[in-house]
Structures are given as structure tokens and as C-alpha cells.
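Novice: If you scroll down you'll find the structure; I have some questions about it.
The values are calculated or read from the model by the stated rules, or taken from the named source; none is laboratory data. Computed from a predicted model, the values in this text were never measured in an experiment. Here Cβ is always computed from backbone atoms with ideal geometry, including for glycine, and neighbour counts include all displayed protein chains.
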Amino acid sequence: MRIKLFLLAGTALLLSACAVQQVQLGSSREEVISRYGKPSATVVMPSGTTRLQYSLQPAGQSAVMVDLDAAGKVVAAGEALNPAGFAQVEIGKWTRADAERAFGPPAWVDRVYSWPGDIMNYRWRDATNDMLFWVYLDDKGLVQRIGQGIEHRNDSILDN
């Protein structure tokens with residue numbers, strides 16, 4: 001069972017890496033969809049561009065974003081779940097909707113006694129570790145804090 005999960009995760013990672021490298025600027029929306037399939041979500045960005053989200057959350061560690069201009073041509077494409085993407089978060093300004101436009105839906109949402117709002121959890125991978133990126137929302141849905149740490153999974157549940 002563990003080998004199957006490992007192979008599935010590896011395949012998903014390879015596909016997401018290939019998607020980033022192979023999406024050509026200027027490609028049409030139709031070319032992107034025919035090559036990479038239906039996106040997990042399509043959102044309109046505040047700039048007026050349309051974003052095709054290819055998120056592997058909740059099980060995967062990748063979220064590839066492909067931005068299209070008004071003519072439906074690719075103007076940007078890349079992995080969103082990385083330190084450069086996280087640095088774009090504007091504390092006290094971003095909302096839940098802004099986070100979901102930037103990173104896609106979270107892997108899961110937590111509530112804890114010591115925090116008044118939701119905590120969005122995104123799974124990602126740095127060079128050597130499985131990681132989590134946290135977006136802390138206040139009780140009004142405004143981002144008040146972000147953080148990241150190593151994801152420690154209970155592998156014993158995978159043995160069944």
C-alpha cells in the first residue's frame with residue numbers, strides 16, 4: 001500500500017513539474033486544457049486575467065497556476081506553493097478569497113482554541129522536506145498571520 005501511495009505522489013509531482021515547464025507563453029486556453037486537462041478551478045483575478053488552477057491538494061503538494069489574458073493566451077504559469085508565492089501574502093489586507101485565488105483551495109482548514117478564526121493548511125515540498133504553509137484568518141476572514149513548518153505524518157495509518 002505504501003509503495004502505491006509513493007508512486008502516485010511521485011507521478012503527481014512529475015506531472016505538476018512538467019506542466020510548469022511545458023506551458024508556453026502565448027499558448028491558447030484550449031491548448032493548455034487539451035494538454036493538461038480540466039483545471040481544478042478557474043478564477044477571475046483582480047487584474048482581469050483568468051487563472052486556471054491545477055491543484056493537487058489535499059493529497060498532493062503542488063498547485064500550478066496558469067494565467068490567461070483577455071484573449072485567452074497564457075501570460076504566466078508556475079508553481080504557487082513555494083517561498084516566492086508565500087511572500088506575496090499581504091498581512092491585514094488579504095482575505096480567504098485572495099489566498100484561494102493565489103494558492104487554490106487548502107488541503108484542510110483547522111480551528112484551534114487559541115486562534116479566533118480558521119487556519120488554512122497547504123501541503124507543499126521544499127528541496128528535502130514535506131512542508132505545511134499556514135494562513136491564519138481572523139474571525140472576519142482577513143489574513144492576520146502566516147507560517148510554515150515541516151509536515152510530520154503518521155505513517156502507521158498508511159500501513160493498513
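Novice: Could you check segment 102-144 for strands (runs of 3 or more DSSP E) lying wholly inside it with 1 or more residues that are polar (S, T, N, Q)?
Specialist: The qualifying strands (runs of 3 or more DSSP E) are 119-125.
Novice: Condition test on VAL66, is it farther than 26 Å from LEU25 by Cα, crowded, with 17+ Cβ neighbours inside 10 Å, of a type in the set (Val, Ile, Thr) and in contact with a Lys or Arg (Cβ under 8 Å, 6 or more places away or on another chain)?
Specialist: So VAL66 fails the test.
Novice: Another question, if that's okay. Touching a residue at least 60 places away in the same chain (Cβ under 8 Å), surrounded by 10 or more Cβ atoms within 10 Å (Cβ to Cβ) and within 18 Å of the chain's Cα centre (by Cα): which single residue out of GLY104, GLY85 fits that description?
Specialist: Only one candidate qualifies: GLY104.
Novice: Okay, next question. When GLN57 is evaluated against the numbered criteria (1) within 25 Å of ARG29 (Cα to Cα); (2) touching a Gly at 6+ places or on another chain (Cβ under 8 Å); (3) surrounded by fewer than 13 Cβ atoms within 10 Å (Cβ to Cβ), which criterion, by number, is the only one it fails?
Specialist: (3) is the only condition that GLN57 fails.
Novice: Could you identify the single residue in ALA76, ALA71 that is surrounded by fewer than 19 Cβ atoms within 10 Å (Cβ to Cβ), outside any strand (DSSP E or B), modelled with pLDDT of 95 or more and among the small types (Gly, Ala, Ser)?
Specialist: When all the criteria are applied, what remains is ALA71.
Novice: Next question. Can you tell me which of (1) of a type in the set (Val, Ile, Thr); (2) closer than 26 Å to ASN129 by Cα; (3) at pLDDT 95 or above is the one VAL44 doesn't meet?
Specialist: (2)
Novice: Is there any pair linking a residue in segment 26-55 that is outside any helix (DSSP H, G or I) to one that is aromatic (Phe, Trp, Tyr) and surrounded by 13 or more Cβ atoms within 10 Å (Cβ to Cβ), with Cβ under 7 Å and at least six apart or on different chains, and which?
Specialist: PRO39/TYR54; SER40/TYR54; TYR54/TYR36
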